[in-house]
Amino acid sequence: MGPGLVLAMAFLGTGDLVSSTVSGANYGYALMWTLVLALTARYFMISAIAKYKLANRFEDSSLMAGYQRLWKGFPAFFAILMLIYGLIIQMSFMRACAVALAHLVESTGVPLPDDIGLSLMGLIVMVLSLVMLSGHNAFRWLERLARVASVVIIGSFVYALFRIGHIDFPALLSGLTFAVPQDNGPFDALFIAVATIGTIGGSAINLLYPYFMDDRGWNRPAHRKIQRLDLIGGMLPLLIINALFWIVAAETLRGTGVTVSSESDLATMMQMAVGEWGPTLLWISLFMAAFTSFPAQAHGLAKLMFNGLHLAIGKKDGEMRPEQDPRYRPTLIGLFIVAPLFITLPFAPNLVYLSVFGTSVVTATVLPPILIGILILTTSKRFMLDDYANKWWETLILSIISVIGLWSLYAILTNLVDAIQRVAS
C-alpha cells in the first residue's frame, strides 16, 4: 500500500494545520465532528473516483476519459485549470517549505541574509524535489517520504500531548457528537462546517489518486479491495495529524486569549506545550507537511494536465501515458518545480491574496463538474460494470456530498465577490 498515504500527505498543507489549530483554540472541541465528516466525505468521493478507474465498462485508463464521455470539452477544461491551480498551489507549498526550513536553520544559530535567505531555502527545496522526481522510482521516493513524514509529525505532537499531561476526554467526546459553539451563533458555525466538508469532498486534488494508483499498477477490478484498504490507510494518518493539532491547541490555547493567524503562532503554541524545543518540533513538522505535498502534487498535477491535453487533441485513451510525452518532464520541472521558486524572491507579490483569489476561482469552477460528474459516472450502469455501479446508499452519500459542495460553492462565490468589492473600493 502507499498511493493513499501519498495522496493524504499531498493534501496536508500548513493551511490545514493552521485551520485545525484555529478551530481548537477558538472553539475547543466543539466543532471537531466537522473534521471527521470532512475526511469521511473525502474518502467516499476519492473511493468513487478510484472505482471508476478500476471497474468502468469501457476500460478507460483514466478518469479524464470518463469525463470526456460526459462532455468532449472536459479534458481541455481540466488541463487549463490544473495549470493555473498547479502554479498557485505549488508556490504556496514552496513558500511554506522555505519558511519552515529558514526557521530551522536560524534555530541552530546560523544567520540567513535578509534579502535572499528565503530564496536560498527555496533552492534547497527545489533541488531535493528534482532529485526525488528525476529517476524511474520517483513514486517509491514519494511513498517513503509520506511514511517518514507521517511518523515524524504524529510523533512530535504525541510528545507534545505527553508534555501537556492531560486531555479533556469528556469535552473531546462531546465535540464528536455534532456540538455547535454558542459564542459565534449556531448558523455561522454550521455554515462554515458545511462549506469545509463540501470543498474538501470536491477538491481538485482528489483527481490525482488514479495516477498514483497507476504508478502502483492498480488498473483492474481485482485491485478494488486493496485500493479501499490503501485509501483507509492513507486517510487515517491524515485524521490523526489534524486531530492532534486540534487537541494540542484546545489544551494549550483555549481561553488564553492567544490568537492563531500564521505558522509563527503555531510555534508559540508548541513552546507553551513542550518548552524550548517546541518551536523546533513545530518547524520540522511543518516542513515535512509542506514538503510531502510539493513533489507529490507536482508529480500528480503534471500527469493530470497531460492526460487532459492528450485527450483534448484527439489521442485515444491509453494511447500515450503522460510521462511518455517528450514535453512532460520539461513541463513538470519548469512549471511545477522551478517556477514556484519565484514566490521566495524579495519582490514577489503577497502570496496570501494570490492564493485565496486563485484557489477560490479554480475551486468554484471545478467543484460542480467534479462532484456531479463522479456521481453520474459511478451510478449509471451505462458507464460501470454491473457489479460495481453504486448501490443506493453510495448514490445517496455522493448526492449529499454534491449538495453540500454546491452549497459551499455559494459561500466561496459570496466571499470572492465581497473581497473584490473591498479591493475596488
ask   = Only one of these conditions is not met by L39: (1) more than 22 Å from H299 (Cα to Cα); (2) modelled with pLDDT of 90 or more. Which number is it?
value = (2)
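Could we say that S23 is buried (at least 22 other Cβ atoms within 10 Å of the Cβ), out of contact with any Leu (no Cβ under 6 Å at 6 or more places or on another chain) and touching a residue at least 24 places away in the same chain (Cβ under 8 Å) here? Quick ask: steps written out before the conclusion?
Numbers: buried (at least 22 other Cβ atoms within 10 Å of the Cβ): yes; out of contact with any Leu (no Cβ under 6 Å at 6 or more places or on another chain): no; touching a residue at least 24 places away in the same chain (Cβ under 8 Å): yes.
Spelling it out, it is not the case that S23 is buried (at least 22 other Cβ atoms within 10 Å of the Cβ), out of contact with any Leu (no Cβ under 6 Å at 6 or more places or on another chain) and touching a residue at least 24 places away in the same chain (Cβ under 8 Å).
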ask   = Got at least one residue in the stretch 105-114 being hydrophobic (A, V, I, L, M, F, W, C), touching a residue at least 40 places away in the same chain (Cβ under 8 Å) and out of contact with any Ser or Thr (no Cβ under 6 Å at 6 or more places or on another chain)?
value = no
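Being of a type in the set (D, E, K, R) and open to solvent by less than 10 Å² (accessible area, probe 1.4 Å): is that true of D215 here? Talk me through it step by step, then tell me what you get.
Values: of a type in the set (D, E, K, R): yes; open to solvent by less than 10 Å² (accessible area, probe 1.4 Å): no.
No; evaluated as a whole, the condition is false for this residue.
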key: Qualifying position, being at pLDDT below 85 and assigned to a helix (DSSP H, G or I), among T378, T359, T395   = T359
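Please pick out the residue among T40, T34 that is open to solvent by 20 Å² or more (accessible area, probe 1.4 Å) and closer than 25 Å to V248 by Cβ. It would help to see each step written out before you state the result.
Details: T34 fails: open to solvent by 20 Å² or more (accessible area, probe 1.4 Å).
Only one candidate qualifies: T40.
The values are calculated or read from the model by the stated rules, or taken from the named source; none is laboratory data. Predicted model only: the values in this text are computed from it and were never measured. Every residue, glycine as well, gets a Cβ built from its backbone with ideal geometry; the counts of neighbours run over all protein chains shown. Calculation scope for accessible area: heavy atoms of the full protein, side chains included, ligands and nucleic acids excluded. Shrake-Rupley method; radii C 1.70, N 1.55, O 1.52, S 1.80 Å.
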